[in-house]
Every structure is written in C-alpha cells, then in structure tokens.
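Asks: Below you'll find the structure I mean.
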Amino acid sequence: MPFQIVINIILAAMWMFLSETYNFKTFFVGYLLGIGLLFLLQRFIPDAFYIKRVAKLIKLIMLFIRELVLSNIDILKNVYRPKLDVSPGIFALPTELKSNWEITLLANLISLTPGTLSLVISEDYSVIYVHAMHIEDVEESITEIKETFEKAIMEVTR
C-alpha cells in the first residue's frame, strides 16, 4: 500500500510538471489520474489496490462515529431518567486480532465509546477485559463488538 501511494504522488507531481501549472488543483487532477492509472495497472502491482483499504478505513471511522452518537444518546437517556436502571459488569472479550496496533485500536475504540471501558489486555493478547455500564446479555455484547469494531479493524489491516 505505501508503495502505491508513493507512485500515485510521483504521478501527480509529474502531471503537475508536464502541465507547467504548479498549484493544488493541477496536483489533485494528477492524483486522480494516478488513481485511475493504478487501477488499470493493478494486476502488475503485487499489493491490493490501496483505495479499497482507504474506503474501509473511512467505513471504520463512520462506524465509530455512529456508535459514538448512539451510545451518547443511551447515556443521556440514563442520565435523565428519574430512576437509574443500569446493570454494570465486566466481561472478557476474546479477540482474533494479532498485532499490537490492532489490539490497541480495538481497546481505544471500546474505551472512547461512552458506557464502556477497556480495563486490561491479557498477557497473551487474546482477551480484552471490558467494563460496560449496562449489560443485558454478555454474549450479545461480545458479538456486537466482534461484528462491528473487530471486523472493521480486520478489514482495514488485512
């Protein structure tokens, strides 16, 4: 992926020099043309087309923003209720992520979502212990995190 980005920037700079117009608009047009050229020649480049990974990264960011907004709404509902109806708890979240970067990203995404907090990661990096403000079903909570955040992280990094 980094190789493709460098090639794309070089193509954009070459387009800017060939057109003899040195501004951002020309560079951007060259960058878009470079993306098209890399797409057409992707069978000659050993790695997967990098725009696919960028799209999945944007999807992960949008997923986090959606979860952040929804959990903030849930927190507001709990705060403004006359009687606090929560059932807090700690559960073990087994993870399939392998690299430190992936596990750290998952732990931070869990912690940044209101109502949940990553407490500790096991020594073998296979389990994250999570505290949640409201747990109705532990298996449902685990499945929800695995199907949203963990799946999106694996799409971006692999």
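Asks: Mind checking whether some residue in region 83-92 is out of contact with any Cys (no Cβ under 8 Å at 6 or more places or on another chain), charged (D, E, K, R), within 30 Å of TYR129 (Cα to Cα) and not in a helix (DSSP H, G or I)?
Replies: yes
Asks: Identify all residues within region 32-55 that are more than 25 Å from MET154 (Cβ to Cβ) and touching a Phe, Trp or Tyr at 6+ places or on another chain (Cβ under 8 Å); write none if there are none.
Replies: LEU33, GLY34
Asks: Can you pull out every residue in region 84-113 that is of a type outside the set (Val, Ile, Thr) and modelled with pLDDT under 85?
Replies: Answer for region 84-113, where residues must be of a type outside the set (Val, Ile, Thr) and modelled with pLDDT under 85: LEU84, ASP85.
Asks: Restricting attention to region 114-158, which residues are among the aliphatic types (A, V, I, L, M), under 20 Å from the mean Cα position of the chain (by Cα) and at pLDDT below 90?
Replies: Within region 114-158, no residue meets the criteria.
Asks: Can you name the residue in region 17-64 that is aromatic (Phe, Trp, Tyr) and part of a loop (DSSP other than H, G, I, E, B) and is also surrounded by the fewest Cβ atoms within 10 Å (Cβ to Cβ) among such residues?
Replies: TYR22
Asks: Go through region 113-158 and count every residue that is of a type outside the set (S, T, N, Q) and in contact with a helix residue (DSSP H, G or I) (Cβ under 7 Å, 6 or more places away or on another chain).
Replies: 16
Asks: Against the condition out of contact with any Gly (no Cβ under 6 Å at 6 or more places or on another chain), closer than 15 Å to ILE153 by Cβ and in a loop (DSSP other than H, G, I, E, B), how does GLU67 come out, does it pass?
Replies: So GLU67 fails the test.
Asks: While we're on this one: How about region 93-115: which of its residues are in contact (Cβ under 8 Å) with a residue 24 or more places away in the chain, within 18 Å of HIS134 (Cβ to Cβ) and in contact with a Leu (Cβ under 8 Å, 6 or more places away or on another chain)?
Replies: ILE110, LEU112, THR113, PRO114
One line per residue, one yes/no per condition, for (1) among the aliphatic types (A, V, I, L, M); (2) surrounded by fewer than 12 Cβ atoms within 10 Å (Cβ to Cβ); (3) out of contact with any Gly (no Cβ under 6 Å at 6 or more places or on another chain):
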site: VAL79; (1), (2), (3): yes, yes, yes
site: ILE90; (1), (2), (3): yes, no, yes
site: THR95; (1), (2), (3): no, no, yes
site: ASN108; (1), (2), (3): no, no, yes
site: THR113; (1), (2), (3): no, no, yes
site: HIS134; (1), (2), (3): no, no, yes
site: LYS151; (1), (2), (3): no, no, yes
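The values are calculated or read from the model by the stated rules, or taken from the named source; none is laboratory data. Because the structure is predicted, anything quoted here is derived from the model rather than measured. Quick reminder, even Gly has a Cβ in these numbers, built from the backbone with ideal geometry, and neighbours come from all protein chains shown.
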